[in-house]
Structure formats: structure tokens, C-alpha cells
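Every read-out reported here was derived from the displayed coordinates using simple, explicitly stated rules and does not represent laboratory data. As the structure is a prediction and not an experimental result, all values here were calculated from the model. A quick note on method: Cβ atoms are made from the backbone with ideal geometry, for glycine too, and the neighbour counts reach across all protein chains shown.
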Amino acid sequence: TEFISAAELASLMNVSVNEVIAACMRMGIFASINQRLDAETIQIVALEFNYEVEFISAEEEVNFDMAEEVDAEEDLQTRAPIVTIMGHVDHGKTSLLDYIRRAKVASGEAGGITQHIGAYSVKIKEGPNKGKSITFLDTPGHEAFTAMRARGAKITDVVIIVISADDSVMPQTREAINHAQNAGVPIVFALNKIDKPNANPDKIREDLAKENILVESWGGKFQEQEVSAKSGIGVDDLLDKVLLEAELLELKANPNRNAVGTVIEASLDKGKGYVSTILVETGTLKVGDIVLAGQYFGRVRAMINDLGTRIKEAGPSIPVQILGLPGAPQAGDKFNVMESEREAREIANKREQLNREMSIRAKKHITLDEIGRRK
Ligand code: GDP
Ligand code: MG
């Protein structure tokens, strides 16, 4: 994890240093030509130029004995798609997430009160997709997506981009489109607020066409659906379209192995201790498993799902809160179930050391810069 300068990054990507500096500036970082950039900045800037960054030395060091198990084809089973909702502010991301949660989770379940754990899972109750599930990441917005991408986490299978039909394609709409396209994630457009008298979804289709996005009803390849997050019109059709994209992706996982997945969020709860919400990508996570996440490891003491119910195990694409880690890993950190505590401790220690070294190095840069400026 050597830091490289803006100039070096530019030459690696074969673009002008001014373009790199401009990209930094858009993130609020004022970099000079020879300024060394931190890992996250490098990754986000590179993404803007369609490059994916691999920090080989760090990866090798911490994952030295965690080679990915490859699953045999016959062990794989279809898994639910993981969906992120993005879009411009006030176009209805939160309303849509809330509507889907209320309509699809709460009503059908005993108790009916859902927990905000950072993600939730819904099951289709009728129609051709009856019985299929979709997992929604509950942290809408670009920050979460960007942070996860910067950490190399690719957990989103499909992105829903919400655009208010009484407004236009806006800067954050464009940003969301860019993020999704750079990540190679299929998009379904939700033309929202269709209940409003001044809604004009055709204007949005036209706006999108100007961005080189031709929607399906106009003969293009991007699925779009008119919806109202307020009344719920169109939401079932929207979910069907998401499932259609998912089908094309042929998402599969092996539920019969040690779990691997990603941390969605983690925090310290006064009553429960450290609580991490994780998404299982493959395998099945069980109470009692030894989990290694970022620089922390511990035995899973308890698992709680999005309905607040204690569960004993969680399979692929299922979001759960876990108790038992002695700290809060970062959103986007990978987790692995380990065979032994000794092995988990070894890697956790290496990672901790690496994190410490990185922060010391970062501090040194600042100090050198400061000295330079004082001269
Ligand atoms: P976000 O910033 O994208 O999360 O947008 P919100 O979900 O907070 O919605 C912004 C505003 O639009 C709120 O006042 C919502 O009540 C309203 N809103 C969202 N969806 C709809 C809709 O489908 N119809 C109508 N009439 N209002 C909506
Ligand atoms: Mg919101």
C-alpha cells in the first residue's frame, strides 16, 4: 500500500494530471501534482476514469491463507439479488424503501414491526415471481455505495435509480448512473411520484435519452417503471423488473459451506455491545461460528434478523445483525468464517498492524507537508 502521487496516478491511467487533480477537487480534495493520495482517494478517482485499483501488497499480506474456495457447479443454488436504491435528493429513495418494507415485510409477518438494521429482505407473495426474495440495502445514497466500492466490496447486484417524474434528471441522478455503469451493475429506473398531477414521465424518458439512456418502452434496453412511493402504484411491477435483471445475472451461491460476506454497518450499542450488520454472500452463517471481519474476530453470540427475531443461521443474501465481535469493522469489510481461533487471531493481528502502519504513514505525510509549508 504505497501511496502514489497525483502525477503518478495520472500516468498509470494514461490521463493528464490536470484531470486527476480536477477529479480530486470534485471530491473536495485540493491535491497538488506531487501530492501523495490516500488509498480511498486513489480508488475513487480511478473509478471516475473507469479503472479499478488493486492494492496488491496489502491484499497479499492479509489474505495470505484465505484463498477463495471455489464451489462445484452442482453445489450452487440461486440466491436473492441485493439491491441499492439511488437517486437525486428528494426524488423519493427513502419513501420507496419504506413503502416496500411496509408493504412487503411488515404486513405479512407476526408482530409487523421491522428493525432498521441497514438492510432488509422481502418475499414476493403473489404473481409469477411468488416466493422469490429481494434484499434491499437500507442505506440509500451514494456515500454508502462509494465507500463500499472504495473498499473493494461489490455487493450490489442491481441498482434502482429513482427519478421524480415532476422533476428532471438531476446531478445526483447522473452521478448514480455513472456509479452503476462504472461498477457494471444493471439499472432499473423508477419514475416516481406518478400520483402527482404535474408528473410527466415522458419528460424523464426524454431527459434520459439525452444522457444516452434509452428506456425499454421507447425501444431501448433500460427497464423503467412508473411508480408512486406514496400510493404504491407500480411498485409490484418494479420489483418484477428487478427480478428479471437478477435472473439474467444468474446469481448463485453455495449455502453448504462456511459463510463469506460483507459488513454493511457496525456500531456500539449500549445494551448489546458491538453490533455488526452483515450480508452473507455465500455459505451459511451460524451462531457459534468464528467470524473474522476486518481486524476483529470473535464467536457469533447471537443473530437478529430484519424483523428483530433471533435466528440460529443465515444463508446467502440474508442480512443479519451479529453480536460477538469485539469491535466495529468498517462498512465494506469482508467477513469470513474461520476454522480456528488461532488462525483468525493471526490474520486479525496482521490486519491491525497493517492499519496502524498505514495511519502512521499517513500522519508522516501530513507532518512533512506541514514542515514544507512552514519553510
Ligand atoms: P429522498 O431524499 O430521495 O430519500 O426522498 P424522500 O423519500 O425523503 O422524499 C422526498 C419528498 O417527496 C417527501 O416529502 C416525500 O413524502 C415525497 N414523496 C416521495 N415519493 C412520493 C410519491 O410517490 N408521491 C408523492 N406525492 N410524494 C412523494
Ligand atoms: Mg432519503
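Using a 10 Å cut-off on Cβ atoms, rank the peptides 289-296, 81-88, 193-200 from the highest mean neighbour count down. Mind dumping the intermediate values first?
Numbers: 289-296: 23.0, 81-88: 24.8, 193-200: 15.4.
With the highest mean Cβ count within 10 Å placed first, the list reads 81-88, 289-296, 193-200.
By how many nm would the segment from V15 to L249 grow when fully extended, if each residue of separation counts as 0.36 nm and the alpha-carbon distance is taken off? Can you show the working numbers first?
Values: separation 234, 0.36 × 234 = 84.24 nm, distance 3.27 nm.
Using 0.36 nm per residue and subtracting the Cα-Cα distance, I get 81.0 nm.
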- Among K154/K221; K210/K334; K93/K241; K125/K270; K130/K230; K241/K312, which pairs are too far apart, with a Cα-Cα distance over 29 Å? K210/K334; K125/K270; K241/K312
- Note on the structure: For L307, the residues 5 or more places away or on another chain with a placed amide H closer than 5 Å to its own amide H are Q115
- With θ set to phi - 60°, apply the Karplus curve 6.51 cos²θ - 1.76 cosθ + 1.60 along the range 279-286 and write out the HN-Hα couplings as whole Hz, x wherever there is a Gly or Pro. 10, 6, 8, 8, x, 10, 8, 10
- Message: From the convex hull of the Cα coordinates of the range 153-298, what is the mean projected area in square nanometres?
- Response: 11.9 nm²
- Query: Which whole-Hz ³J(HN,Hα) couplings does the range 37-47 yield from phi under the Karplus relation 6.51 cos²θ - 1.76 cosθ + 1.60, θ = phi - 60°, glycine and proline marked x?
  - Reply: 9, 7, 4, 5, 4, 4, 5, 5, 4, 4, 4
- Message: What whole-number distance in Å separates the alpha-carbon centres of the range 113-137 and the range 336-356?
- Response: 34 Å
- By the gyration tensor of its Cα atoms, with a ≥ b ≥ c the square roots of the eigenvalues, what is the shape of the range 183-249: rounded for a/c under 1.5, prolate for a/b over b/c, or oblate? oblate
- Cross-link reach from K104 to aspartates and glutamates, straight Cα distance under 17 Å and at least 8 residues apart if same chain, gives E126, D138, D236, D237, D240, D306
- Note on the structure: Scoring the range 157-257 by relative contact order with C-alpha pairs under 8 Å, at least six apart, yields a percentage of 27 percent
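Kindly identify the range 231-360 as rounded, prolate or oblate by the Cα gyration tensor criterion: order the square roots of the eigenvalues as a ≥ b ≥ c, call it rounded if a/c is under 1.5, otherwise compare a/b with b/c, prolate if a/b is larger, else oblate.
On the way: a/c = 1.84, a/b = 1.75, b/c = 1.05.
Prolate.
Order these peptides, 32-43, 160-171, by their mean beta-carbon neighbour count within 10 angstrom, highest first. Each step should come with its number before you reach the end.
Working: 32-43: 17.0, 160-171: 21.4.
Per-residue Cβ counts within 10 Å, averaged per peptide and sorted highest first, yield 160-171, 32-43.
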